[in-house]
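Before any comments, here is the structure.
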Amino acid sequence: MTHAPDHLRVAVIIASTGRPECVASVIRDLSRQTRAPSRIIVSVAAERDLPPAHLRKGCEVVIARRGLPAQRNAGLDHLAGDGDVVVFFDDDFVPSRHAVAGIGRLFADRPDVVGATGVVLADGIKTPGIPYTRAEAIVAAHDRKALRTPARLRDVPDLYGCNMAFRLSALDGLRFDERLKLYGWQEDVDLSVQVSRRGRMVASDAFVGVHLGTKSGRTSGVRLGYSQVQNPIYLWRKGTMPGAKAWRLMMRNLATNHVRSLWPEPWVDRLGRVRGNWMGFADVMRGRLTPERIEDL
């Protein structure tokens with residue numbers, strides 16, 4: 001079946017753990033889209049991760065093994081190829097009202113594009129987080145002045161996981177790596193690099209939003225610190241991350257964690273991250289490349 005340019009079926013998958021209020025908010029935002037998603041799939045680890053039923057009308061729920069890669073994979077399996085494009089939004093991402101329509105147009109107009117990440121108008125990931133009301137105001141201000149113009153594209157090597165879209169046909173035989181447990185640090189890089197071998201990967205203003213950077217429900221400092229060492233080395237060995245990038249990521253995080261541990265941010269467990277960094281290095285020195293070990297820490 002062929003589709004007119006603005007009528008590609010865009011499905012949305014949201015993976016979440018321990019943040020039912022965030023799930024309710026992003027579902028509400030998706031209900032306000034100028035073009036409705038073809039399907040909305042919410043993948044959680046337990047019923048307690050969901051908002052009340054009346055706040056998730058029109059959504060499909062999948063109960064999956066805990067962990068971002070596993071939950072996103074469960075969402076993909078549930079989607080079962082029914083659509084043209086799939087977009088993964090973090091549960092704390094506030095999309096523009098035109099996001100789904102913009103994604104549909106981008107992939108319809110650019111058949112060479114297999115993956116895309118949108119413009120993040122503000123990102124709270126390295127701050128205490130952005131309040132939802134502030135994010136709403138930022139997105140609303142953008143939408144008021146936005147004009148429908150041809151999307152600007154910039155080629156990129158990988159995508160930002162808080163808002164990344166893939167042509168569904170390009171995901172054939174590919175999934176998120178479930179050895180990257182729990183928060184799945186760098187799982188977006190791993191999958192998007194594999195998809196990039198099948199076509200063009202871009203960053204585009206065709207869709208925008210705000211990433212709240214909500215701190216509740218995130219991985220502990222020790223676990224994240226361990227992943228900051230183990231995951232880049234694992235992906236380098238796997239062939240989805242250049243050695244230079246893996247080294248830069250590790251050294252930057254190692255330096256930041258050690259320096260900031262002297263006057264840590266209230267919302268970051270810097271000492272835990274330092275401990276996790278050295279546990280990761282110790283395992284590497286022992287010949288253990290075990291990113292999945294964070295489940296036991």
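Looking at this structure, is Phe176 under 20 Å from Val26 (Cα atoms), among the aromatic types (Phe, Trp, Tyr), buried (at least 21 other Cβ atoms within 10 Å of the Cβ) and in contact (Cβ under 8 Å) with a residue 24 or more places away in the chain? Please lay out each step first, then the result.
Values: under 20 Å from Val26 (Cα atoms): no; among the aromatic types (Phe, Trp, Tyr): yes; buried (at least 21 other Cβ atoms within 10 Å of the Cβ): yes; in contact (Cβ under 8 Å) with a residue 24 or more places away in the chain: yes.
Considered against the rule, which asks whether it is under 20 Å from Val26 (Cα atoms), among the aromatic types (Phe, Trp, Tyr), buried (at least 21 other Cβ atoms within 10 Å of the Cβ) and in contact (Cβ under 8 Å) with a residue 24 or more places away in the chain, Phe176 comes out as no.
Is there any pair linking a residue in segment 45-72 that is part of a helix (DSSP H, G or I) to one that is of a type in the set (Asp, Glu), with Cβ under 8 Å and at least six apart or on different chains, and which?
Leu68/Glu187; Pro69/Asp177; Pro69/Glu178; Pro69/Glu187; Ala70/Glu178; Arg72/Glu187
How many of the residues making up segment 152-168 are closer than 12 Å to Ser192 by Cβ and surrounded by fewer than 17 Cβ atoms within 10 Å (Cβ to Cβ)?
Looking only at that region, the number is 1.
Looking at segment 50-67, which of the residues that are more than 17 Å from Ala24 (Cα to Cα) and in contact with a Gly (Cβ under 9 Å, 6 or more places away or on another chain) is surrounded by the fewest Cβ atoms within 10 Å (Cβ to Cβ)?
Applying the filter and picking the extreme gives Ala64.
What about Pro150, is it outside the structural domain of Asp82 (by TED's automatic domain parsing) and more than 21 Å from Asp123 (Cβ to Cβ)? Steps first, please.
On the way: outside the structural domain of Asp82 (by TED's automatic domain parsing): no; more than 21 Å from Asp123 (Cβ to Cβ): yes.
Criteria not met by Pro150.
In the set Gly124, Gly115, which member is buried (at least 18 other Cβ atoms within 10 Å of the Cβ) and either under 30 Å from Asp269 (Cβ atoms) or in contact with a Lys or Arg (Cβ under 6 Å, 6 or more places away or on another chain) (or both)?
Gly124
Condition first: within 18 Å of the chain's Cα centre (by Cα) and either over 13 Å from Ala24 (Cα atoms) or of a type in the set (Phe, Trp, Tyr) (or both). Now tell me which residues in segment 82-91 satisfy that. Steps first, answer last, please.
Step one: list which residues in segment 82-91 are within 18 Å of the chain's Cα centre (by Cα), which gives 85-91.
Matches in segment 82-91: Val85, Val86, Val87, Phe88, Phe89.
Do we find a residue being over 19 Å from the mean Cα position of the chain (by Cα) and surrounded by fewer than 20 Cβ atoms within 10 Å (Cβ to Cβ) anywhere in segment 68-81? Don't jump to the end; show me each part of the working.
Of segment 68-81, the ones over 19 Å from the mean Cα position of the chain (by Cα) are 80-81.
Next cut, surrounded by fewer than 20 Cβ atoms within 10 Å (Cβ to Cβ) only: 80-81.
Yes.
In segment 274-295, how many residues are part of a helix (DSSP H, G or I) and either out of contact with any His (no Cβ under 9 Å at 6 or more places or on another chain) or in the same structural domain as Lys126 (by TED's automatic domain parsing) (or both)?
Result for segment 274-295: 15.
Give Asp92, Asp109, Asp123 a once-over and let me know the one that is of a type in the set (Asp, Glu) and over 30 Å from Arg260 (Cβ atoms). Steps first, please.
Numbers: Asp92 fails: over 30 Å from Arg260 (Cβ atoms); Asp123 fails: over 30 Å from Arg260 (Cβ atoms).
Unique residue meeting the criteria: Asp109.
Name every residue in segment 205-221 that is surrounded by fewer than 24 Cβ atoms within 10 Å (Cβ to Cβ) and at pLDDT 95 or above, in order of residue number.
Let us first name the residues in segment 205-221 that are surrounded by fewer than 24 Cβ atoms within 10 Å (Cβ to Cβ), namely 205, 208, 211, 213-221.
Result: Val208, His211.
Hey, among Arg39, Arg56, Arg72, Arg32, which residue is among the charged types (D, E, K, R), under 30 Å from Arg293 (Cα atoms) and out of contact with any Pro (no Cβ under 8 Å at 6 or more places or on another chain)? Lay out the reasoning, then the answer.
Values: Arg39 fails: under 30 Å from Arg293 (Cα atoms); Arg56 fails: under 30 Å from Arg293 (Cα atoms); Arg32 fails: under 30 Å from Arg293 (Cα atoms).
Only one candidate passes the filter, namely Arg72.
Within segment 258-272, take every residue that is assigned to a helix (DSSP H, G or I) and touching a Pro at 6+ places or on another chain (Cβ under 9 Å) and give me the one that is surrounded by the most Cβ atoms within 10 Å (Cβ to Cβ). Before the answer, list the steps.
So the first thing to find is which residues in segment 258-272 are assigned to a helix (DSSP H, G or I), and the list is 258-260, 270-272.
Still in the list and also touching a Pro at 6+ places or on another chain (Cβ under 9 Å): 270-271.
On the way: Arg270: 19, Leu271: 16.
Selected residue: Arg270.
All but one of (1) touching a Leu at 6+ places or on another chain (Cβ under 9 Å); (2) under 30 Å from Glu265 (Cα atoms) hold for Val202; state the number of the condition that does not hold.
Going through the list (1) touching a Leu at 6+ places or on another chain (Cβ under 9 Å); (2) under 30 Å from Glu265 (Cα atoms), Val202 breaks only (2).
Could you go through segment 193-203 and let me know if any residue there is in contact (Cβ under 8 Å) with a residue 12 or more places away in the chain and part of a loop (DSSP other than H, G, I, E, B).
Filtering segment 193-203 down to residues in contact (Cβ under 8 Å) with a residue 12 or more places away in the chain leaves 193-196, 198-203.
Right, trim to part of a loop (DSSP other than H, G, I, E, B) and you get 198-199.
Yes, segment 193-203 contains a residue that is in contact (Cβ under 8 Å) with a residue 12 or more places away in the chain and part of a loop (DSSP other than H, G, I, E, B).
In segment 6-34, how many residues are in a strand (DSSP E or B), closer than 19 Å to Arg48 by Cα and touching a Gly at 6+ places or on another chain (Cβ under 7 Å)?
Step one: filter segment 6-34 for residues in a strand (DSSP E or B), giving 10-16.
Now drop any that are not closer than 19 Å to Arg48 by Cα, which leaves 13-16.
Filter once more, keeping what is touching a Gly at 6+ places or on another chain (Cβ under 7 Å): 13, 15.
Within segment 6-34, residues that are in a strand (DSSP E or B), closer than 19 Å to Arg48 by Cα and touching a Gly at 6+ places or on another chain (Cβ under 7 Å) number 2.
What number of residues in segment 167-201 are over 28 Å from Val222 (Cβ atoms) and touching a Ser or Thr at 6+ places or on another chain (Cβ under 8 Å)? Step through it out loud before you land on a result.
Our first condition is that a residue be over 28 Å from Val222 (Cβ atoms); within segment 167-201, this holds for 167-174, 194-201.
Narrowing the set further to residues that are touching a Ser or Thr at 6+ places or on another chain (Cβ under 8 Å) leaves 194, 201.
Matching residues across segment 167-201 total 2.
The values are calculated or read from the model by the stated rules, or taken from the named source; none is laboratory data. On a predicted model such as this, the values are computed, not experimentally measured, just so you know. Every residue, glycine as well, gets a Cβ built from its backbone with ideal geometry; the counts of neighbours run over all protein chains shown.
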